[in-house]
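Notes follow the structure.
FYI, it's all coordinate maths here, none of it is from the lab. Please read all numbers here as calculations on a predicted model, not as lab measurements. Cβ placement follows ideal geometry from the backbone for every residue including glycine, while neighbour counts extend to all protein chains displayed.
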Amino acid sequence: MLKIYGSTTSPFVRRLRIWLANVEHEFINLQIFSGPDREFLASLNPTLKIPMIDDEGQIIYDSRVIFRYLTGKLGYSVPDWRQENLLTLIDSVNDTLVQALIMKRSGIEADPDKLIFKLQNDRIETILNHLNEKVEQGEFGGWGYPEVCLYCLIDWVEFRELHDLSQMQSLLAFQARHQNKIEVTATNPRG
Ligand SMILES: N[C@@H](CCC(=O)N[C@@H](CS)C(=O)NCC(=O)O)C(=O)O
C-alpha cells in the first residue's frame, strides 16, 4: 500500500493527505527533528524534509514531485500553467513561513532592518495579498490540488499564528468555506 511519511502538523504533508482522501494509503507520523525517525528519514531522503512517499519501494520526496508522480500514476489531469504558478506562489510563501517558524523556535528575533527579514516579510505580504486577490476574483473556486494547498497554508498560518490575516478577508472566507469537509477535519493539526 502507498505509504505517506510526514507529521500531523506539516502543511506540505496535510495537502497530500487531503488530496488522497479517496485513495487508499497509510500515513506514518515521524518525529523528524531527532532520534530514530530522523535517522530513518536520512537513510531514504537526504533533504531531511517531509513529506516522502514509499510506493511499493519507490521512494519519492518533495510534495510537488509526489503530486506529479501520483497524478501520472492515478491518471489525473495535469495542472495548467496558471495553476502551476499558483502552486509556486503557495509553495514559496509556505517555505518562507517554515523558515520563519524555525527561526522563531531558534530564538532568532525577526529584526525588520535586517535584509533577510525584510525580504522574507516582503515575500510573505506580497504573495498572501496576491492570493487574497485571486480568491476574490474566483480563481480558487473548486476543490482540486491548488485549493487544497491553499487551504493547508491558510489553516497552518492561523494554527501557528505566523501572520495577521485579518485584512485578507477573501482568504479567511475561503478557509471558512472548506473547514467542515470530512478530510479537512480528519487532518486537523490541532488534534
Ligand atoms: N519543498 C518541500 C518542503 C517540505 C518542508 O519544508 N517540510 C517541512 C515540514 S512543514 C520540513 O520537513 N522541515 C524540516 C526542516 O526544514 O528541517 C515539499 O514541498 O515537500
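Here are the numbers:
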read-out	value
For Val93: the one exception among (1) part of a helix (DSSP H, G or I); (2) without any contact (Cβ under 8 Å) to a residue 40 or more places away in the chain	(2)
Considering residues of segment 82-134 that are touching a Pro at 6+ places or on another chain (Cβ under 8 Å) and away from the ligand (no atom under 11 Å from the Cβ) only, the residue farthest from Arg15 (Cα to Cα)	Lys118
Odd one out for Asn94, checked against (1) under 18 Å from the mean Cα position of the chain (by Cα); (2) farther than 21 Å from Leu153 by Cα	(2)
Hits in segment 3-24 (condition: away from the ligand (no atom under 11 Å from the Cβ), crowded, with 16+ Cβ neighbours inside 10 Å and either assigned to a strand (DSSP E or B) or without any contact (Cβ under 8 Å) to a residue 40 or more places away in the chain (or both))	Ile4
Residue list for segment 33-44, filter: on the phi < 0 side of the Ramachandran plot and either more than 19 Å from the chain's Cα centre (by Cα) or surrounded by 20 or more Cβ atoms within 10 Å (Cβ to Cβ) (or both)	Ser34, Pro36, Asp37, Arg38, Glu39, Phe40, Leu41, Ala42, Ser43, Leu44
Hits in segment 33-75 (condition: within 13 Å of the ligand (Cβ to nearest atom) and farther than 23 Å from Leu87 by Cβ)	Phe33, Ser34, Asp37, Arg38, Leu41, Ala42, Pro46
